[in-house]
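Every number in this text was worked out from the coordinates using simple rules, so none of it is lab data. Everything numeric in this text was worked out from a predicted model, so none of it was measured. For neighbour counting, all protein chains shown are included, and Cβ atoms are generated from backbone atoms with ideal geometry for every residue, glycine included.
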Amino acid sequence: MGYLLTGLGSVVLIALPLFVGSYFVTILISILYYAYLSGCWNILGGYAGQLSLGHAAFFGIGAYTSSLLFMKWQISPWLSMWVGALLAMCFGLFMGSLSFRFGLRGFYFVLVTWAFAELLRLITLSLDVLGGPTGIFISYKTSPWQFQFSSKVPYYYIILGLVALELFISYKIEGSKLGFYLKAIRENELAAEGSGVPTTRYKLMAVVISAFLTALGGTFYAQYLRYMDPETTMGVSLSVEIMIRAMVGGSGTLIGPFVGSFILTPLSELSRTYFTKGGLEGLPLIIYGSVLILIVLFLPQGVGTWMMEKLAGYRNKS
C-alpha cells in the first residue's frame, strides 16, 4: 500500500503542472520549496532532536555564494551551488563543533544557532560587495545553463527533484545506523552517551548534511526570484517558518515536513491573496495562527504522525 501511494503521488506531482495555470504552479513551487527546506531542517531538528534557528544562515550562504560566482565570474549556478553547499557545510561544522564542545543542548543550542545566523546577517548587511541592505539583483539571461527559464514550469521540476533528493537521503538515514543513533540522542542524549554512542560525532554529521542540503535550496531561491537581501535570506523569520512546517507535519518523520508545507503554505498564500482587502489586512495572520493553535492542541505530534498512525491502524484491520 505504501509503495502504491508513493507511486501515485509521484505521478500526480509530475503531471500536475501540465493541467493547472501559472498561478497554481507558483503555489506548488512554494509548497515544494518549503517542504524541501523543512525536510532539510528535520534531519537535525527532527531526527537528532537538536532544534535550530540557524538554518537561514546555511540558506543565505548558498544563495549569496552561487549568485556572486555567477555575477562576478559567470560561473553557472548549476556548478556554483555545490560551492555554496560546501561552504555552508563548513560553517555548520564550525558552529556545531563550537556548540557541542561546550555541551550546549536544548534551549541553549537554539540560542547559539540563532546568534550565528544573526551574526552572519549583520556581516552581510555591512558588506557592499554583498549588496548591503539593498541586496543583490541577478541579471536575467533566459538560459537553462544559467539556471534561468522563461516559464515557471522548469523551476517546478527542479524543486521537485530537490524534494526527491531530500526524501531519499532522509529515507536512507531513517534505516541506517546514523538514524538509529540520532533518534537515541533525541530521546535521551545522556543515556546514549552512557551506552557508548559518540553523540558529538553523530550530531555533527546531522548538522553538515542538513547545512549542505539547505544551501542548495538557497541557490534555487536566488535563481528563481533573481533577488536576495539579508533580511529575507538570513532573517530568523525564515528559520522559524521552516521549523514550524516540520513541527506541524510531524518532526522526526519522513513525510512530516511535506505534510506541514502542504497545509501551511497554501493557507498562507490563499489567505494573503483573498483576505487583504477591505480592512481585512490582519485576517491572514489570524487564520494562520488559529490553524497552528488547533494543530498544537489536538495533534501535538503533528498531522503527518497522525496520518501514519491512522494508516497503520487501517493496515492492521485489513
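So how do Lys203, Lys152, Lys72 line up by other beta-carbon neighbours within 10 Å, fewest first?
If I rank by nearby Cβ atoms, fewest first, I get Lys72, Lys152, Lys203.
If you count, for each residue, the other Cβ atoms within 10 Å and average over each peptide, how do 52-58, 12-18 line up from highest to lowest?
With the highest mean Cβ count within 10 Å placed first, the list reads 52-58, 12-18.
Between Ile286 and Leu299, what length comes free when the chain is fully extended (0.36 nm per residue of separation minus the Cα-Cα distance, one decimal in nm)?
Working it through step by step, the gained length comes to 2.8 nm.
Cut-off is 10 Å between beta-carbons; in what order do Tyr34, Tyr23, Tyr156, Tyr288 appear when sorted fewest neighbours first?
By the 10 Å Cβ count, ascending, the order reads Tyr23, Tyr288, Tyr156, Tyr34.
Roughly how large, in nm² to one decimal, is the mean projection of the convex hull of the alpha-carbon atoms in the chain?
Value for the chain: 18.3 nm².
What FRET efficiency, computed as 1/(1 + (r/R0)^6) with R0 = 22 Å and r the Cβ-Cβ distance, is obtained for Cys90 and Glu193, rounded to the nearest 0.05?
Given R0 = 22 Å and the Cβ-Cβ separation, E is 0.25.
So how do Leu178, Leu37, Leu190 line up by other beta-carbon neighbours within 10 Å, fewest first?
Ascending Cβ contact count within 10 Å gives the list Leu190, Leu178, Leu37.
Non-local amide H neighbours of Gln148 (under 5 Å, H modeled in plane, Pro and chain starts lacking H): which ones?
Ser143
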